[in-house]
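Beneath this line is the structure, given in structure tokens, with notes to follow.
Computed from the coordinates by the stated procedures, all read-outs in this text should not be read as laboratory data. Every value quoted in this text rests on a predicted model; they were computed, and no experiment measured them. Virtual Cβ from ideal backbone geometry, glycine too; neighbours counted across all protein chains shown.
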Amino acid sequence: MKSIITVDDLRHRAKKHLPRILFDWIEGGAGDEAALRDNEDAISRVRFLPRYMIDVTQRSQSKTLFGRTYDSPFGIAPTGYAGVFRPRADTILAGAAKRANLPFILSGTSVDSIETVMEAAPEHAWYQLYGAADPQITTDMIRRADRAGCAALVITIDIPVAARRERDLRNGFAIPLALTPRLLLDGMMHPAWAVRYLANGGMPVMENWRPYAPSGANAMQVAQFANTHSYCVQTWDHLKLFRDLWPRKLVVKGVSHPEDAAIAVELGADGIIASNHGGRQSDRLAAIPDLIPLLRDAVGAKFPLMIDGGIRRGTDVLAALCLGADFVFAGRAPLYGAVAGGEKGADRALEILRDELDAIMGQIGCLSLESTDLQRFVLAR
């Protein structure tokens, strides 16, 4: 990892490690991938206004969220099926978050179970809930997350229907992953991934769904069962139910419209994550960084407003905070690290983001991120 300087270095190493069908699933977006690019472009357009002649030797990037102080103002966003790309990737990412004192959101389509991840990072893991078609399964997952001690439940609302990800359609990507001749050939060209994949028994079991699948179901059958519960109808009435069932912090993820943000607050959400699913659901959705001021107006100055999408550098993290976000989540960046180098790779991804953030804070004279006046460091848009 010593030769890794940027997140993009980790990205290139992950690309070399994975068969194309898998890397394209991580990398790609919906349609023409305009929303994916717009997220990155919007955050990269932010320009800082530095303040000089200030003693910047003492600066802190710690940030308090939901009463807990983290060492940096960013966390790890949920990334589905991570265990297909690197065995135990969910637990690897959770462990990296614990070591860095950051929050980690376990995907609702994880391979590792809620219970396993909570053992690895008992005070740092949140759980992302995808509502199941069977409400009893949804209720049980919420109770399992509660018993395991998850600090927050993250309700994802931005997947009403299946996306058209054209890379995946062309590649024939699907979960469960079928060992087609094309994948076998691609796997032979990426022997490190193939050896790990086969040594761990091939397609891993989605452990969160194993208890609900038919008795004796293998990995393929568990994944197929989970797929039958995808894209079920969710309304604000469901959020009311989740709020009643969940005793701790409840976060609504996937908010883009100010009116939805206001409704989430009214129904008892403790925070929102503004997101367009990383550009993976539609290519014509607004870039999240551009929406931060609108959403801030909708929820008020003190309500926890978080974002994800397009975060590739520490400078992106600071730009989002200066635009009005309270906290930032990155998905692809830490996943590149986990795929490229396991625990060391995940640690390196977070270290890079942290070091870049520290450097830009020093460059512009920003001593603390707990300030309520960070907007003074960016050019008005």
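For the stretch 53-159, what number results from the quotient of the Cα radius of gyration and 2.2 N^0.38 Å?
So the Cα radius of gyration is 1.20 times the expected 2.2 N^0.38 Å.
Taking the alpha-carbon distance from Lys2 and a cut-off under 23 Å, which lysines remain once sequence neighbours fewer than 8 residues away in the same chain are dropped?
Within reach: Lys15, Lys16, Lys98, Lys344.
Taking the number of other C-beta atoms within 10 Å as the exposure measure, put His277, His190, His257 in order starting with the fewest.
Taking fewest neighbouring Cβ atoms as first place, the list is His257, His190, His277.
Give the cross-link partners of Lys249 among the aspartates and glutamates, using a straight C-alpha distance below 12 Å as the criterion and excluding same-chain residues fewer than 8 apart.
Candidates past the 8-residue exclusion: Asp146, Asp270.
Express the relative contact order of the chain as a whole percentage, based on alpha carbon pairs under 8 Å and six or more residues apart in sequence.
Relative contact order here is 29 percent.
Can you put Thr235, Thr64 in order, fewest other beta carbons within 10 Å first?
Fewest-to-most Cβ neighbours within 10 Å comes out as Thr235, Thr64.
When the scattering of the chain is computed by the Debye formula from its Cα atoms alone, each counted once and equally, what is log10 I(q)/I(0) at q = 0.12 Å⁻¹?
With no solvent term, the Cα-only Debye profile gives -0.89.
To the nearest 20 debye, what is the magnitude of the charge dipole of the stretch 178-312 about its Cα centre, counting +1 on the Cβ of each Lys and Arg and -1 on the Cβ of each Asp and Glu?
Here the size comes out at about 380 debye.
Tell me, what is the percent relative contact order of the stretch 47-96, built from C-alpha pairs under 8 Å that lie six or more residues apart?
In percent, rounded to a whole number, it is 18.
Taking Cα centroids, how far is the stretch 52-73 from the stretch 161-226 in Å?
Cα centres, the stretch 52-73 to the stretch 161-226: 41 Å.
Would you work out the charge dipole size for the chain about its Cα centre, treating the Cβ of every Lys and Arg as +1 and the Cβ of every Asp and Glu as -1, and quote it to the nearest 20 debye?
Taking the Cα centre of the chain as origin, the dipole is about 720 debye.
What number, rounded to the nearest 500 deg cm²/dmol, is the helix-based mean residue ellipticity at 222 nm of the chain, given -39500 (n - 2.57) per DSSP H run of at least four residues and division by all its residues?
Numbers: 16 runs with 173 residues, N = 381.
After summing the helix terms and dividing by the residues of the chain, the value is -13500 deg cm²/dmol.
Could you tally the net charge around Asp326, taking each other residue with its Cβ under 11 Å from the Cβ of Asp326, Lys/Arg +1 and Asp/Glu -1?
+2
Apply the a/c threshold of 1.5 to the C-alpha gyration tensor of the stretch 254-339 and tell me whether it is rounded, prolate or oblate.
Prolate, because a/c is 1.5 or more and a/b exceeds b/c.
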